[in-house]
Amino acid sequence: MRSVPRWALLSSGCAPVVLIGGWTIAALLEGPAYDPATQTISVLAAYGAAGFWVMTGALAALGVCHMITALGLRPAALPGRLALGAGGAAAFAVALVPPPSSGGSLRHGSAAAVGFALLAVWPVLAADRRRAAPWGLRPVPSLTATALMLVTAAWFMIEMHQGGAYGVAERLVTAFQSLWPCVVVASCLRHSHPEEPSPQEPNRAERRRGGAA
């Protein structure tokens with residue numbers, strides 16, 4: 001099985017940090033007028049927002065992180081790697097087409113929707129059916145991750161339609177999507193470097209020789 005380079009752990013680990021750190025700092029800059037429970041991340045990235053450059057930079061960095069991770073995640077199936085990389089490109093595109101200060105933006109919304117979809121399906125597309133596959137690439141965890149992302153995305157849409165806590169729902173699904181690549185990379189690295197037995201502990205052959213003596 002092809003190994004995962006160590007730098008993939010850095011890129012995948014930075015993804016949730018830059019995303020969550022970005023929306024946290026941008027919300028602080030925006031002040032009490034911004035309600036994270038009922039307003040989306042896109043509001044922070046809109047033209048004229050106090051944290052515009054912070055949130056836009058965070059989205060662009062998130063996209064770059066996902067694209068780098070896709071390059072390094074060699075044990076994953078190719079369709080999954082392509083979907084993860086394309087999802088990163090979509091996140092970068094979201095940063096390039098921020099919404100206006102008021103009203104919606106078709107280009108921004110379309111890029112965000114494509115990114116949501118790609119980052120939701122990449123785990124199941126990357127799954128490895130072999131028994132020796134790393135935990136993060138096995139069918140059950142991969143399918144579970146995709147299912148949870150789709151469920152939380154559906155919750156976000158429902159909250160948007162009802163005018164509820166769609167800010168909370170959006171943060172939940174985007175945080176999970178940004179974190180899952182790191183989980184997969186970590187499981188691949190752990191799989192390729194299993195814990196070795198302590199050198200002080202005799203192996204079975206030595207025990208047999210000792211018993212025969």
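The values are calculated or read from the model by the stated rules, or taken from the named source; none is laboratory data. The structure presented is a predicted model; accordingly, all values stated were derived computationally and were not measured. Using ideal geometry, Cβ is built from the backbone for each residue, glycine included, and neighbour counts are taken over all protein chains shown. Accessible surface areas use protein heavy atoms only, side chains included; no ligands, DNA or RNA. Shrake-Rupley method; radii C 1.70, N 1.55, O 1.52, S 1.80 Å.
Using the structure shown, decide if G88 is in contact (Cβ under 8 Å) with a residue 24 or more places away in the chain, under 22 Å from C182 (Cα atoms) and more than 13 Å from the chain's Cα centre (by Cα). Judged against the criteria, G88 is not a match.
Considering region 1-52 alone, what residues qualify as being within 29 Å of I158 (Cα to Cα) and of a type in the set (S, T, N, Q)?
Those that are within 29 Å of I158 (Cα to Cα) and of a type in the set (S, T, N, Q): T24, T38, Q39, T40, S42.
Checked against (1) of a type in the set (V, I, T); (2) at pLDDT 95 or above; (3) under 18 Å from the mean Cα position of the chain (by Cα); (4) under 20 Å from G109 (Cα atoms), V54 passes all but a single condition, namely (3). Looking only at residues that are open to solvent by less than 30 Å² (accessible area, probe 1.4 Å) and of a type in the set (A, V, I, L, M) in region 15-48, which one is farthest from F176 (Cα to Cα)? Ranking the candidates gives A46 first. Among the conditions (1) part of a helix (DSSP H, G or I); (2) surrounded by 15 or more Cβ atoms within 10 Å (Cβ to Cβ); (3) in contact with a helix residue (DSSP H, G or I) (Cβ under 6 Å, 6 or more places away or on another chain), D128 misses just one, which is (1). Please state which of the following conditions A93 fails to meet, knowing it meets all the rest: (1) in contact (Cβ under 8 Å) with a residue 40 or more places away in the chain; (2) closer than 24 Å to L106 by Cβ. Checking A93 against (1) in contact (Cβ under 8 Å) with a residue 40 or more places away in the chain; (2) closer than 24 Å to L106 by Cβ, the one that fails is (1). Each residue in region 87-98 was checked for being farther than 19 Å from L44 by Cβ and open to solvent by 20 Å² or more (accessible area, probe 1.4 Å), and 1 of them qualify. Looking across S12, S105, S101, one residue alone is of a type outside the set (F, W, Y), at negative phi, open to solvent by less than 50 Å² (accessible area, probe 1.4 Å) and touching a Gly at 6+ places or on another chain (Cβ under 9 Å). It is S12.
Taking region 49-62, which residues are surrounded by fewer than 24 Cβ atoms within 10 Å (Cβ to Cβ) and free of Cβ contacts under 8 Å to residues at least 40 places away in the same chain? Result: A50, W53, V54, G57, A60. Here is a check on your reading of the model: is L84 open to solvent by 60 Å² or more (accessible area, probe 1.4 Å), assigned to a helix (DSSP H, G or I) and either closer than 23 Å to S3 by Cα or among the charged types (D, E, K, R) (or both)? It is false that L84 is open to solvent by 60 Å² or more (accessible area, probe 1.4 Å), assigned to a helix (DSSP H, G or I) and either closer than 23 Å to S3 by Cα or among the charged types (D, E, K, R) (or both). Looking at A153, A91, A83, A132, just one residue is closer than 24 Å to A169 by Cβ and at pLDDT below 95, and that residue is A153.
Of the residues making up region 17-48, just one is part of a loop (DSSP other than H, G, I, E, B), closer than 21 Å to G109 by Cα and without any contact (Cβ under 8 Å) to a residue 40 or more places away in the chain, namely Y34.
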